[in-house]
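**Student:** Handing you a structure now.
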Amino acid sequence: MTPVVYPHWHILGAGAIGCLWSAQLYKNRITCMLLVRSQRFKQLESDTQPLLRITEGGQLNQLPVSIGSTNDAQPIENLLLTTKAGDALAAIQSVKDRLTNNTTIVLLQNGMGSQQAIAESFPELAVYAGSTTDGAWLESFLTIHRAGHGKTWLGPLSDKAHAETHNHAIESLVKLVGMDVSLTENVLAKLQEKLAINAAINGMTALHNCSNGELLKPEFQPTIAALCEETACVLAVEGYSGTGAQVLERVNHVLTVTGENYSSSLQDVRNNRKTELQWINGYLLTLADKHNIHAPAHETLMSQLAMKDIY
């Protein structure tokens, strides 16, 4: 019987999602290496065995993690990119000399725009994008908390990925125990669905420094409804079929079931990190401007955020 040979993954982006996927790959006995900048790598060289600490359901697990430098020369066969959207293109450019014609790339970023930029920059590679509702937050380097189990959709983005009938590396992610991962031929639709929800929640929670559930208060609902209506109108030019009322219903459902959670954008603000709002509401405004669509609610929100130095 021929033994199963699992693909090796490099993960670029040591934030909450990168660490979460590193932990799940390790638990499934799939080898992976978490890539960090050379300066960070030098700081870790004296650590004989770095440990990734993940708290889930109140239980702390400590797992060994393999860490490498982005400056290494080892070829990258399979790359999971988990940086923030604004850093994504520069991050992959930093390891482009290590990519081969057979490299598979999976992009896991919030918002839209960064995925298309990477697919256009690497047309010869099999580029896949993902949309996930998995929840995790970073306490400190290599220390994360899993906030909830969600769903991840993966789908082809580049022409080469669309032409593939089978990709062993992608299949390894779909089969992960502990993660709910499925394939879709229309990943852009999944990205649009998530964008529509995040565009109503993330910026508002960052602006008002509040939990998700607080946006259900009557004083916030008119703005939430206006954002949803404009989002549906703008995304319609890219084939989105949802109405403003449908988006609002989905948004309020998410606000209800995640009422005590804090959006990733608010967590970024509280930790003095740059948000991904330019790739969420900012993406919508760029699209609206391109097609001469007026989106005053999004314009006002982004202006209010800018006044508070939230980007």
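**Student:** Residues of region 264-311 being within 19 Å of ILE197 (Cα to Cα), part of a helix (DSSP H, G or I) and more than 19 Å from the chain's Cα centre (by Cα), which ones?
**Tutor:** Matches in region 264-311: LEU285, THR286, LEU287, ALA288, PRO296, ALA297, HIS298, GLU299, THR300, LEU301, MET302, LEU305.
**Student:** Search region 181-192 for residues that are free of Cβ contacts under 8 Å to residues at least 60 places away in the same chain and pair each with any residue that is surrounded by 18 or more Cβ atoms within 10 Å (Cβ to Cβ) and of a type in the set (D, E, K, R) when their beta-carbon atoms are under 9 Å apart and the residues are at least 6 apart or on different chains.
**Tutor:** What qualifies is THR184/LYS190.
**Student:** All but one of (1) over 23 Å from HIS149 (Cα atoms); (2) under 23 Å from the mean Cα position of the chain (by Cα) hold for GLY57; state the number of the condition that does not hold.
**Tutor:** (1)
**Student:** I've got another one for you. Among all residue pairs at least 6 apart or on different chains, which show Cβ distances below 6 Å where the first residue, located in region 156-177, is within 22 Å of GLU124 (Cβ to Cβ) and the second is assigned to a helix (DSSP H, G or I) and hydrophobic (A, V, I, L, M, F, W, C)?
**Tutor:** LEU157/ALA119; SER158/ALA119
**Student:** Being of a type in the set (A, V, I, L, M), surrounded by fewer than 18 Cβ atoms within 10 Å (Cβ to Cβ) and not in a loop (DSSP other than H, G, I, E, B): is that true of ALA117 here? Please lay out each step first, then the result.
**Tutor:** Numbers: of a type in the set (A, V, I, L, M): yes; surrounded by fewer than 18 Cβ atoms within 10 Å (Cβ to Cβ): yes; not in a loop (DSSP other than H, G, I, E, B): yes.
Against the criterion (of a type in the set (A, V, I, L, M), surrounded by fewer than 18 Cβ atoms within 10 Å (Cβ to Cβ) and not in a loop (DSSP other than H, G, I, E, B)), ALA117 qualifies.
**Student:** Sort through GLN43, GLN24 and tell me the only one that's out of contact with any strand residue (DSSP E or B) (no Cβ under 8 Å at 6 or more places or on another chain) and either modelled with pLDDT under 75 or not assigned by TED's automatic domain parsing to the domain that holds ASP87 (or both).
**Tutor:** On the way: GLN24 fails: either modelled with pLDDT under 75 or not assigned by TED's automatic domain parsing to the domain that holds ASP87 (or both).
Every option except GLN43 fails the conditions.
**Student:** While we're looking at this one, here's another question. If you check VAL251 against the conditions, is it farther than 30 Å from ASN272 by Cα and in a helix (DSSP H, G or I)? Spell out the reasoning first.
**Tutor:** Working: farther than 30 Å from ASN272 by Cα: no; in a helix (DSSP H, G or I): yes.
Spelling it out, it is not the case that VAL251 is farther than 30 Å from ASN272 by Cα and in a helix (DSSP H, G or I).
**Student:** Then there's this: Applying the selection to region 126-141, what residues are surrounded by fewer than 22 Cβ atoms within 10 Å (Cβ to Cβ) and either farther than 15 Å from LEU20 by Cα or over 15 Å from the mean Cα position of the chain (by Cα) (or both)?
**Tutor:** GLU139, SER140, PHE141, listed by residue number.
**Student:** Please state which of the following conditions ILE197 fails to meet, knowing it meets all the rest: (1) modelled with pLDDT of 95 or more; (2) not assigned by TED's automatic domain parsing to the domain that holds ARG270.
**Tutor:** (2)
**Student:** Could I ask something else about it? Among the candidates LEU63, LEU79, which residue alone is more than 24 Å from ASP268 (Cα to Cα), part of a strand (DSSP E or B) and in contact with a His (Cβ under 6 Å, 6 or more places away or on another chain)?
**Tutor:** Details: LEU63 fails: in contact with a His (Cβ under 6 Å, 6 or more places away or on another chain).
Within the list LEU63, LEU79, the selection yields LEU79.
**Student:** Still on this model: Has region 288-297 got any residue that is closer than 21 Å to GLY135 by Cα, surrounded by 14 or more Cβ atoms within 10 Å (Cβ to Cβ) and among the hydrophobic types (A, V, I, L, M, F, W, C)?
**Tutor:** no
**Student:** Any idea which of SER140, SER182 is more than 24 Å from GLY282 (Cα to Cα), of a type outside the set (A, V, I, L, M, F, W, C) and modelled with pLDDT under 95?
**Tutor:** Numbers: SER182 fails: modelled with pLDDT under 95.
Criteria check complete, one pass: SER140.
**Student:** Report yes if ILE76 is at pLDDT 95 or above, closer than 28 Å to ASN198 by Cβ and β-branched (Val, Ile, Thr), otherwise no.
**Tutor:** So ILE76 fails the test.
**Student:** A further question follows. Filter region 66-76 for residues that are outside any loop (DSSP other than H, G, I, E, B) and either outside the structural domain of THR103 (by TED's automatic domain parsing) or within 27 Å of GLY148 (Cβ to Cβ) (or both) and give the result.
**Tutor:** Across region 66-76, the qualifying residue is only ILE67.
The values are calculated or read from the model by the stated rules, or taken from the named source; none is laboratory data. Just so we're clear, the structure is a prediction, and the values are computed from it rather than from any experiment. So basically every Cβ, Gly included, is an ideal-geometry build from the backbone, and we count neighbours across all protein chains shown.
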